[in-house]
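The values are calculated or read from the model by the stated rules, or taken from the named source; none is laboratory data. For clarity, every value in this text was computed on a predicted model and none was experimentally measured. When we count neighbours, we look across all protein chains shown, and the Cβ atoms used for this are built from the backbone with ideal geometry, even at glycine. Each accessible area value is taken on the protein alone, full model and side chains, heavy atoms only, with ligands, DNA and RNA left out. Shrake-Rupley method; radii C 1.70, N 1.55, O 1.52, S 1.80 Å.
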Amino acid sequence: MSDAALPYTPSFRPQLAALGIIGSLLVTTGVFLSGFVISEPAPYELFMAGLIGLWAIVGLRISRGVAPLLILYVLFNIGGMLSLTVMDDLAGGPMYIAVSLFLALSSVFFAAIIEARPARLELIFRAWVASALITSLLGILGYFHAFPGAEAFTLYDRAKGAFQDPNVFGPFLIAPSLYLVHGLLAGRILAAPLKLIGLLILALGVFLSFSRAAWALYLFCIVALVFVMLLKERTGAFRLRILVLSLSAVGLMILALIVALQFEKVSSLFTSRTQLVQDYDSGHLGRFERHRIGFLMAMERPLGIGPMVFSKMFPEDEHNIYLKSLTTYGWLGFLTYLTLIVWTLSAAFKVLLRDRPWQPFLMIAFITIVGHSAIGFVIDTDHWRHFYLLMGVIWGCLALERRHNRQAASTSGTP
C-alpha cells in the first residue's frame, strides 16, 4: 500500500497536551474556590476573571451548541443595562450588572470547555465535592464553636460555612451530595463507606444551615435522583442495590439527625424553622405581600427599577428570582430568563436517559436546576455562582449530545 493510501492520523503534540492538562487543573482550582465567598470580590471572581480572559486570548471556541446560552445571557444583561437608565442614583447598580455579566460569561465558559474536553466534567464535580466538604465542615465546626473565632462561619445561629449567607451555603452543597449519592448507588461497593461519610457531612451542613429552601431542595433532589436512576437501570439486581443502599443512607441520616437534635440549641431552632410560614413571610410587607406588590409594580415598569432599588423601597430584597428578573432586568430580562429556564430544562429532559459518558453529570445538573427553579419563587438565585456553573454543565452536555448525533449521522450517511 502506498503512503498516499494510508489514512491520516493527527500527530501527537505534547505542547497542546500539556496546555490541556494545565487548563483542566486551572478549571478545577476555579471550581474549588467557588465554595469560599466570605467577602466580595471573592477569590473565585478574581481567579475566574483572569482564567476566562486568558482562555479567550488562547482560543475559547463557542460552538453552535453553546451559542444560544451566550445569546440569552447577553440579552438578559442588556435588560439589566437598560434598567440602569431609570435609576436616579446609580450607586452600586453598574457593579451589580458587571457581576451579572461576569457570571453569565462564566456559565458560557464552563459549557465551552466541557464540550472541548468532556473529561473535565469529572474534575469539576470532584473539585466541587472537595470544596463542599471543607466549607460544610467549617459551617458545622463553627455552629458548635469548636475553635476560637468559629463564629465567623455562622450567621444568626445558622451555619453558613465560608459563605456570606446560610441560604446560599445550603443549596451549594446539593449538587455535590447528588454526585456522592450517584457514586454510592452506581459505583464500587468498596468506596461506599467514604462516600457515606462525605454524604453525612454535607447533609449535616445542609441541616445546620436551617434554610427551609435548602431542606426542601435536598429532599427533592435526592428522591428525584433515585427515581431517575431506577428509570434508567431496570435490572432487578441494580434496583435491589439501590433500595438497600438508599435505605442504609436514609437510616444513617435519620440517626445523625436524632443525635443533632439532642442539642437544645439545635432542637429549638429546628422547631422554629420547621414552621411553614414565618412572621416575616406573612406579616405586613412580608415576603409574600412584597411579591404581590412587586409584580404589580413591575407591570408598569418595562425597563425595571434598577439593581438593589427594591430593598430601598421595601424592608427587604425581592426573595424571588422571577420578580428579581423583572425589577432588575426589566421585561426583556424576565422573558429572557423564562426562555433560558424552559429551553434548558426541556432540552436536557429529552436526552436525560440516553446512555452517554456524560449522562450522570447531566442528570445531576438537571435535577438540581429543576429544584433551584422551584425554590426561586421564594429565594433570589441571581448571583449564585454554582447556579451558573450548573447551567454551564447542562449546556456543555447538550453541546456534546449535539456533536455525538452529528457524528453518528455522518457515520451512517444520514444527511
- [ ] Name the single residue, out of those in region 315-372 being under 17 Å from the mean Cα position of the chain (by Cα) and of a type in the set (Gly, Ala, Ser), that is surrounded by the most Cβ atoms within 10 Å (Cβ to Cβ).
- [x] Ala365
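Take the residues in region 114-131 that are in a loop (DSSP other than H, G, I, E, B) and not hydrophobic (A, V, I, L, M, F, W, C), then tell me which one is nearest to Pro357 (Cα to Cα).
First, pick out the residues of region 114-131 that are in a loop (DSSP other than H, G, I, E, B): 117-119.
This time we only want the ones that are not hydrophobic (A, V, I, L, M, F, W, C), so: 117-118.
Details: Arg117: 12, Pro118: 8 Å.
Going through the qualifying residues, I end up with Pro118.
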- [ ] Would you please name the residue that is surrounded by the fewest Cβ atoms within 10 Å (Cβ to Cβ), looking only at residues in region 123-166 that are closer than 11 Å to Ser209 by Cβ and of a type in the set (Lys, Arg)?
- [x] Arg158
Open item on the list: Consider region 167-197. How many of its residues are surrounded by 22 or more Cβ atoms within 10 Å (Cβ to Cβ) and at pLDDT 90 or above?
Closed with: 15
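Out of region 24-52, which residues are open to solvent by 30 Å² or more (accessible area, probe 1.4 Å) and under 30 Å from Thr339 (Cβ atoms)?
Filtering region 24-52 for residues open to solvent by 30 Å² or more (accessible area, probe 1.4 Å) gives 25-26, 28-29, 32-33, 36, 38-41, 43, 46-47, 49-50.
Listed by number, the residues that qualify are Glu40, Pro41, Ala49.
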- [ ] Mind listing just one residue for me: the one in region 92-102 that is touching a Gly at 6+ places or on another chain (Cβ under 9 Å) and over 19 Å from Leu335 (Cα atoms) and, of those, most open to solvent (accessible area, probe 1.4 Å)?
- [x] Tyr96
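Select the helices (runs of 4 or more DSSP H) contained entirely in region 146-227, then report the ones holding at least 1 residues which are in contact (Cβ under 8 Å) with a residue 40 or more places away in the chain and under 20 Å from Leu352 (Cα atoms).
On the way: elements: 166-172, 174-186, 192-208.
Ranges flagged: 174-186.
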TODO: Please determine, by comparing only the residues of region 276-301 that are surrounded by 15 or more Cβ atoms within 10 Å (Cβ to Cβ) and not in a helix (DSSP H, G or I), which one is modelled with the highest pLDDT.
DONE: Arg301
Open item on the list: So, Leu255, is that one open to solvent by 70 Å² or more (accessible area, probe 1.4 Å), more than 16 Å from Tyr179 (Cα to Cα) and either part of a helix (DSSP H, G or I) or modelled with pLDDT under 90 (or both) or not?
Closed with: yes
